[in-house]
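Taking it in order: structure first as structure tokens, then the write-up.
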Amino acid sequence: MVASHYFVLAEELTKEFRAFIDPEYVIVDAETQRPYECDGLSMYCAMPLIVLLPETVAQVQRAMQICHQRGVPVIPRGAGTGLSAGAMPREDAVVLSLAKFKHVLDIDPLARTARLQPGVRNLAISEAAAQYGLYYGPDPSSQIACTIGGNVAENSGGVHCLKYGLTVHNLLSVELVTVEGELVRLGSEGLDCAGIDLMALITGSEGLLGVITEVTVRLLPVPEQARVVMAAFDSVKAAGDAVSAVIAQGVIPAGLEMMDSHAIVAAEAFAKAGYPIDAQALLLCEVDGTVEEVADHITRIEQLFLSLGATLTRVSRDEDERALLWKGRKSAFPAVGRISPDYYCMDGTIPRGELAHVLTEMQHMSEHYGLRVANVFHAGDGNLHPLILFDASKPGEFDKAEEFGGRILELCVAVGGCITGEHGVGVEKLPQMSVQFSPLEIAQFHGVKAAFDPAGTLNPGKGIPVLKNCQEYRALDPGRGHVARQHPEGYEQA
Amino acid sequence: MPASIRRDMSKHDVTQELIEQVNCARTDGSTLEIVGGGSKRFIGREAAADARIDAGRHRGIVSYEPVELVLTARAGTPLQEIEDTLAQQGQMLAFDPPHFAGGATLGGTLACNQSGPARPWNGSVRDAVLGIRLVNGRGEHLRFGGQVMKNVAGYDVSRAQAGALGSLGIITEISLKVMPRPAASMTLVKEMDAARAIVEMNTLAGRPRPLAGACWQDGQLYLRLAGVQAAVAGTASRWGGEVLQHESNFWRDLRDQRQPFFVDGEPLWRFSVNPAAPHWRDGADWRFDWGGAQRWLRGAFQRAELEREAGRAGGQVTLFRGGDRAGEVFSTQSAALQTLHRRLKEAFDPMRIFNPGRLYSWM
Ligand SMILES: Cc1cc2nc3c(=O)[nH]c(=O)nc-3n(C[C@H](O)[C@H](O)[C@H](O)COP(=O)(O)OP(=O)(O)OC[C@H]3O[C@@H](n4cnc5c(N)ncnc54)[C@H](O)[C@@H]3O)c2cc1C
């Protein structure tokens, strides 16, 4: 389609939208649209046709109906903190922002639930629940900014997911506007529902199956106590083994995070948390629960770390010290941002036992590409976040970083893991989808998509690759793709 | 911990047989009833299929890594075999699945979304699932999810199976998150009426104490504590109540529905509702589990009437056992949800081979 066609379309749509949405919230001028051109993965950007900020569910429904009738693509958007370009616009599409839906609708302290509009920020849920001694479990590092709608769309995790689960484990009900503009409710106030678990399909669907307009989450009682042990190691392998040893003790820590030497140095310079800057690896292991439980576990874990060669340990004595020890970890991304002009955050998951191997391999790749890589990650559940450091102003350097990143994800698949633990596929990881999944599996995903969105106008071009492109990606390098993962029987029929 | 299990499953003859049976059904246009251990044949509608496919033969633990907290088993593996293997490593299936009359398999447990009394605290079978393999209605053997704790690549087809009652395909393999067993457990009993028990169970569930079970029957509230010894003992002394002897038998009988209440032939209705929904229909034959989120009602009732009551309580009702199983037994789906169900069925099983009419007459 040509530019003038979009111009006419934008004019007509604007008129239609402004008939029922505050004209100020139907954004057509490039300058006001600019903040919407990308999400947290700012290397991927494009301008939208129109940005809409509806204020009621009825407006969302009406807007969806109009777009559906005209076959105009719609891209749902929360806070735009996504890290896989899931909310990236396109020139022929309407960006539907849920930013105006900011209300905590209801908290039921007895049933321990919160009913939320989709634009409520993750942290705001726990803040609103605190007066009842309750909180919301999943805590992405972006929790001051990201929305619950975005969390559902990405199935977001956080530091405390090993013990308290991902978004999918903490949802009771989701209200959805379908691509046709119909309102449906999935789940209930109970713990399960009859039939196919549609809520499971919606969680992590990256805005491809429907627009989330309300979310009911489960709240948890705030633990009596939480304490953190910091332990330094002189090799990544020793730290990796220590992670497995904690689990083998029968303890499920509330959080178990690891940083490598680049990350330790950067985080310490930024947060002054008292991290030993000469350590090769640092673990932060938090236990929470009853006072009795924490007392039991914290000593066991500290002793265990020392017996496994920790060069230094420190246990938080009070809330201030706990906050300080976490401060470095929580600000690790911006901290790394200070030691490099740009960084690219990856998100593969591996079996914990492969940690040392994968980190060593990554170091080799780092040398090959001539780019540094810092690692800060959820070690307890094997979710890696390698940060590839690069300089976008140097021609070709982002391309190199991207290729490096892709190779890391393929390595994750090769050791039995996956290409994304919590950031989603978006646009970014489309090529690697064909490494993790066979063409038949991808075709089945398209079947699921078509069940919700037969015309394919909801967030098109994200999440699931077009099969033709998978073949092209594999053809680039025969060493890629299915050789990386043994496809057992049945696949040969593809 | 001792070495992990990694069994060579390179001889995929049983898998191949399943695929061939599906392919035959496709060619003849016939339908298949998927049977695992047969322990849950009473669940769902009475529906006739042309032939049975024995998914229970497809069994065996494929891999188990205690340190990874991950177990992968063929779907026909009996729960008992899995639980025995886990117990040797001090681990367990946290969702505490019902075995019913015995022989229950992992695949059937996921397809029927069955979890035991610990479910509100430990999560459900659906929550524990990390990935599956499935033969769809085109005879394609597909893999979804994975064997790691977190995986958001592609739609969550694995968890979508929970409650689908086999309508999307034959689950052949399941990877699960497993958990360490608690060091200690104890059950407290208190006399209490139904209405008060609902409030009490919810109030206690809101406290940061190691609650792992809460049920009510015959005027008694049962609270199960599980965790570190000191925390269990400390909580018991704070909360009070009689200490129940042989507590694990009690919870097992409840989980497996061994008590006459569940199996004496009367229609058995299962409400899955807001745990704090005030008690209603006082005087009827009720039992509560899941801290009030799962409520069992025994007797002959009008389904439509119970559906209205379930709706008011924020949830759904199912005719779980007995009664009229030729009509619908699961909660009525809205028109929009029916459309989604039908289209998903079409996407996985276009020739409608698997378990026709078992979930809904229209599926
Ligand atoms: C510094 C930083 C740290 C991060 N740390 C973590 C972390 O620890 N764990 C983690 O999981 N993620 C993390 N993220 C990623 C990101 O914050 C999450 O993916 C988050 O859930 C996105 O929420 P959002 O509101 O910003 O959604 P957006 O970025 O606006 O959108 C994300 C996707 O969801 C869709 N979407 C958004 N809202 C809706 C809706 N209402 N209905 C339907 N679809 C919708 C969009 O189309 C898009 O595909 C981090 C990001 C940053 C920048």
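The values are calculated or read from the model by the stated rules, or taken from the named source; none is laboratory data. Keep in mind the model is a prediction, meaning the values are calculated, not measured. Reconstructed Cβ throughout: ideal geometry from the backbone, glycine too, with neighbour counts over all protein chains shown. Note: accessible area is taken over every heavy atom of the protein model, side chains too, but ligands, DNA and RNA are not part of it. Shrake-Rupley method; radii C 1.70, N 1.55, O 1.52, S 1.80 Å.
Quick look at the numbers
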item	result
Residue that is in contact (Cβ under 8 Å) with a residue 40 or more places away in the chain, within 14 Å of another protein chain (Cβ to nearest Cβ) and over 18 Å from the mean Cα position of the chain (by Cα), where the choices are A:SER340, A:SER393, A:SER438	A:SER438
Selection within region A:134-147 - in a loop (DSSP other than H, G, I, E, B), surrounded by fewer than 23 Cβ atoms within 10 Å (Cβ to Cβ), more than 6 Å from the ligand (Cβ to nearest atom) and not β-branched (Val, Ile, Thr)	A:GLY137, A:ASP139, A:GLN143, A:ALA145
All positions within region A:427-454 that are away from the ligand (no atom under 16 Å from the Cβ), open to solvent by less than 10 Å² (accessible area, probe 1.4 Å) and of a type outside the set (Val, Ile, Thr)	A:SER434, A:GLN436, A:PHE437, A:SER438, A:GLU441, A:GLN444, A:ALA451
Region A:201-235 - residue that is closer than 15 Å to A:GLY150 by Cα and among the small types (Gly, Ala, Ser) and, of those, farthest from the other protein chains (Cβ to nearest Cβ)	A:GLY207
3 or more residues modelled with pLDDT under 95 and assigned by TED's automatic domain parsing to the domain that holds B:HIS58: qualifying strands (runs of 3 or more DSSP E) within region B:168-267	none
Check on A:LEU96, more than 11 Å from the ligand (Cβ to nearest atom) and out of contact with any Lys or Arg (no Cβ under 6 Å at 6 or more places or on another chain)	no
Number of the exception - B:ALA336 against (1) under 23 Å from B:GLN161 (Cβ atoms); (2) more than 10 Å from chain A (Cβ to nearest Cβ)	(2)
Any chance A:PHE377 is of a type in the set (A, V, I, L, M, F, W, C), farther than 26 Å from A:ASP197 by Cβ and either surrounded by fewer than 24 Cβ atoms within 10 Å (Cβ to Cβ) or within 15 Å of the ligand (Cβ to nearest atom) (or both)	yes
Residue check, A:THR178 within 14 Å of the chain's Cα centre (by Cα), open to solvent by less than 20 Å² (accessible area, probe 1.4 Å) and within 13 Å of the ligand (Cβ to nearest atom)	no
Scope region A:111-121; condition small (Gly, Ala, Ser) and either within 14 Å of chain B (Cβ to nearest Cβ) or under 20 Å from B:ARG207 (Cα atoms) (or both); matching residues	A:ALA111, A:ALA114
Qualifying residue in region A:116-126 (condition: within 8 Å of the ligand (Cβ to nearest atom), under 23 Å from A:LYS327 (Cα atoms) and open to solvent by less than 10 Å² (accessible area, probe 1.4 Å))	yes
Among residues of region B:181-196, those that are within 24 Å of the chain's Cα centre (by Cα) and open to solvent by less than 20 Å² (accessible area, probe 1.4 Å), counted	1
Residues satisfying the stated conditions in region B:272-319, i.e. more than 13 Å from chain A (Cβ to nearest Cβ), touching a residue at least 40 places away in the same chain (Cβ under 8 Å) and either within 16 Å of A:SER173 (Cα to Cα) or in a strand (DSSP E or B) (or both)	B:TRP286, B:ARG287
Matching residues in region A:77-92 - criterion: being near the ligand (Cβ under 8 Å from one of its atoms) and in a loop (DSSP other than H, G, I, E, B)	A:GLY78, A:ALA79, A:GLY80, A:THR81, A:GLY82, A:LEU83, A:SER84, A:GLY86, A:ALA87
Residue within region B:114-125 that is closer than 24 Å to A:ALA153 by Cα, of a type in the set (Lys, Arg) and assigned by TED's automatic domain parsing to the domain that holds B:LEU18 present	no
Residue within region B:322-329 that is at pLDDT 95 or above and either part of a helix (DSSP H, G or I) or within 10 Å of chain A (Cβ to nearest Cβ) (or both) present	yes
Residue tally, condition of a type outside the set (Lys, Arg) and either open to solvent by 30 Å² or more (accessible area, probe 1.4 Å) or outside any strand (DSSP E or B) (or both), over region A:225-259	21
Matching residues in region A:68-86 - criterion: being open to solvent by 10 Å² or more (accessible area, probe 1.4 Å) and out of contact with any helix residue (DSSP H, G or I) (no Cβ under 8 Å at 6 or more places or on another chain)	A:HIS68, A:GLN69, A:GLY71, A:LEU83
Leading residue by the ranking (most open to solvent (accessible area, probe 1.4 Å)) among those in region B:228-287 that are among the aliphatic types (A, V, I, L, M) and touching a Phe, Trp or Tyr at 6+ places or on another chain (Cβ under 7 Å)	B:LEU244
For A:VAL51: the one exception among (1) outside any strand (DSSP E or B); (2) surrounded by 21 or more Cβ atoms within 10 Å (Cβ to Cβ)	(1)
Meets criteria (farther than 28 Å from A:GLY204 by Cβ, charged (D, E, K, R) and at pLDDT 95 or above) for A:GLU24	yes
Number of positions in region B:201-227 that are open to solvent by 30 Å² or more (accessible area, probe 1.4 Å) and within 14 Å of chain A (Cβ to nearest Cβ)	3
Per-region count, region B:145-154, residues touching a Phe, Trp or Tyr at 6+ places or on another chain (Cβ under 8 Å) and either open to solvent by 10 Å² or more (accessible area, probe 1.4 Å) or outside any loop (DSSP other than H, G, I, E, B) (or both)	1
Subset of region A:16-43 [within 12 Å of the ligand (Cβ to nearest atom) and open to solvent by less than 60 Å² (accessible area, probe 1.4 Å)]	A:TYR36, A:CYS38, A:ASP39, A:GLY40, A:LEU41
Unmet criterion (only one of (1) modelled with pLDDT of 95 or more; (2) over 30 Å from A:VAL74 (Cβ atoms); (3) open to solvent by less than 30 Å² (accessible area, probe 1.4 Å); (4) more than 14 Å from every other protein chain (Cβ to nearest Cβ)) for A:THR457	(2)
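A quick yes/no check of all residues on (1) over 26 Å from A:GLU224 (Cβ atoms); (2) within 11 Å of chain B (Cβ to nearest Cβ):
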residue: A:LEU123; (1), (2): no, no
residue: A:GLY133; (1), (2): no, yes
residue: A:GLY137; (1), (2): no, no
residue: A:ILE144; (1), (2): no, no
residue: A:VAL174; (1), (2): yes, no
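To keep it simple, each residue is scored yes or no on (1) within 13 Å of the ligand (Cβ to nearest atom); (2) crowded, with 21+ Cβ neighbours inside 10 Å.
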| position | (1), (2) |
| --- | --- |
| A:GLY149 | yes, yes |
| A:ASN155 | yes, yes |
| A:GLY195 | no, yes |
| A:LEU198 | no, yes |
| A:LEU201 | yes, yes |
| A:PRO221 | no, no |
